[in-house]
Amino acid sequence: MKSRLATARATARQALLNFNTASRIIHLVARSYNLTVAELGSPRRPRRIVWARQVAIYGIRHATTYNLNQVAALFACNASNVVWAERAVANQIAISASAALEVNNLFTLVALRAS
């Protein structure tokens with residue numbers, strides 16, 4: 001049985017890994033779409049910001065163990081917006097090869113920078 005200290009260390013390590021991964025994704029997506037991190041997290045809804053924000057949310061949900069509320073807090077939205085963003089990106093990937101390639105390339109870069 002793990003000691004409390006070992007469990008706390010593992011939890012802290014996972015939290016730091018999640019934070020670093022989420023931060024990398026947000027910065028990479030912002031840079032890839034010629035946005036600032038502030039624009040990505042803003043409530044503004046121009047198409048170019050919305051798609052980039054949805055891609056970032058999709059990536060964070062798939063690359064971290066963050067739950068819906070934790071991802072929502074990163075983007076100052078609610079959990080239903082996170083679900084909507086995930087579905088929007090997944091649907092776009094399913095119908096558009098270019099969207100699938102775009103998202104795949106972004107998250108390949110995230111993985112490469114993590115190693």
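Within the stretch 52-106, being part of a helix (DSSP H, G or I), farther than 21 Å from Ala38 by Cβ and of a type in the set (Ser, Thr, Tyr) holds for Ser80, Ser98.
Only one of Ala72, Ala90, Ala99, Ala79 is crowded, with 19+ Cβ neighbours inside 10 Å and at pLDDT 85 or above; which? First the steps, then the outcome.
Working: Ala90 fails: crowded, with 19+ Cβ neighbours inside 10 Å; Ala99 fails: crowded, with 19+ Cβ neighbours inside 10 Å; Ala79 fails: crowded, with 19+ Cβ neighbours inside 10 Å.
Selected residue: Ala72, the only one of Ala72, Ala90, Ala99, Ala79 that is crowded, with 19+ Cβ neighbours inside 10 Å and at pLDDT 85 or above.
For the stretch 1-41, a residue qualifies if it is modelled with pLDDT of 90 or more, polar (S, T, N, Q) and outside any helix (DSSP H, G or I), and the qualifying residues are Asn34, Thr36.
For first residues located in the stretch 71-98 and in contact (Cβ under 8 Å) with a residue 12 or more places away in the chain, partners that are hydroxyl-bearing (Ser, Thr, Tyr) and lie 6+ apart or on another chain with Cβ distances below 6 Å form the pairs Glu86/Tyr58; Val89/Tyr58. The set of residues in the stretch 54-67 being over 15 Å from Ile93 (Cα atoms) and in contact with an Asp or Glu (Cβ under 9 Å, 6 or more places away or on another chain) consists of Arg61 alone.
The values are calculated or read from the model by the stated rules, or taken from the named source; none is laboratory data. All figures in this text were calculated on a predicted structure; none of them were measured in a lab. Because the Cβ atoms are built from the backbone with ideal geometry, glycine has one as well, and the counts that use them run over all protein chains shown.
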